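The values are calculated or read from the model by the stated rules, or taken from the named source; none is laboratory data. As the structure is a prediction and not an experimental result, all values here were calculated from the model. Neighbour counts are summed over all protein chains in view; Cβ atoms, including those assigned to glycine, are modelled from backbone coordinates with ideal geometry.
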Amino acid sequence: MATRISWKQSLGMMAFGMPFFAAGVFLVLAGTGILPIDKSRLGGPQWLLAVVGLVFGLPGWFYVSVLDDSRRLFRYSLHASL
């Protein structure tokens, strides 16, 4: 049985996940060379930034995507009640 998440909980989860998702996107873009960075200040290989970005970005995306699921549930319950 699926657990229902209220829209208030989903907004809180989105607010929690958005900084992680944004940091992950930034690190992936820097790690792939799309964003220019000073490579002399890196303590490791540049591809490692992309991996760390995925580690932060994917859980952040999970929390952000909960809002979309909550909207979909609200829309279905609204149509079912009419």
Write out, first by first residue and then by second, each pair whose Cβ atoms fall under 8 Å of each other, whose residues are 6+ apart or on separate chains, and whose first residue, in the range 29-54, is on the phi > 0 side of the Ramachandran plot while the second is surrounded by 12 or more Cβ atoms within 10 Å (Cβ to Cβ) and of a type outside the set (S, T, Y). G33/Q46
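For S6, state whether it is in contact with an Asp or Glu (Cβ under 9 Å, 6 or more places away or on another chain) and either surrounded by fewer than 13 Cβ atoms within 10 Å (Cβ to Cβ) or at pLDDT below 85 (or both). Please lay out each step first, then the result.
On the way: in contact with an Asp or Glu (Cβ under 9 Å, 6 or more places away or on another chain): no; either surrounded by fewer than 13 Cβ atoms within 10 Å (Cβ to Cβ) or at pLDDT below 85 (or both): yes.
Taking the combined requirement at face value, the residue does not satisfy it.
Are any residues in the range 10-52 among the hydroxyl-bearing types (S, T, Y) and outside any helix (DSSP H, G or I), and if so, which ones?
Hit for the range 10-52 is T32, nothing else.
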Pick out the one residue from P19, P36 that is touching a Gly at 6+ places or on another chain (Cβ under 8 Å) and modelled with pLDDT of 85 or more. P19
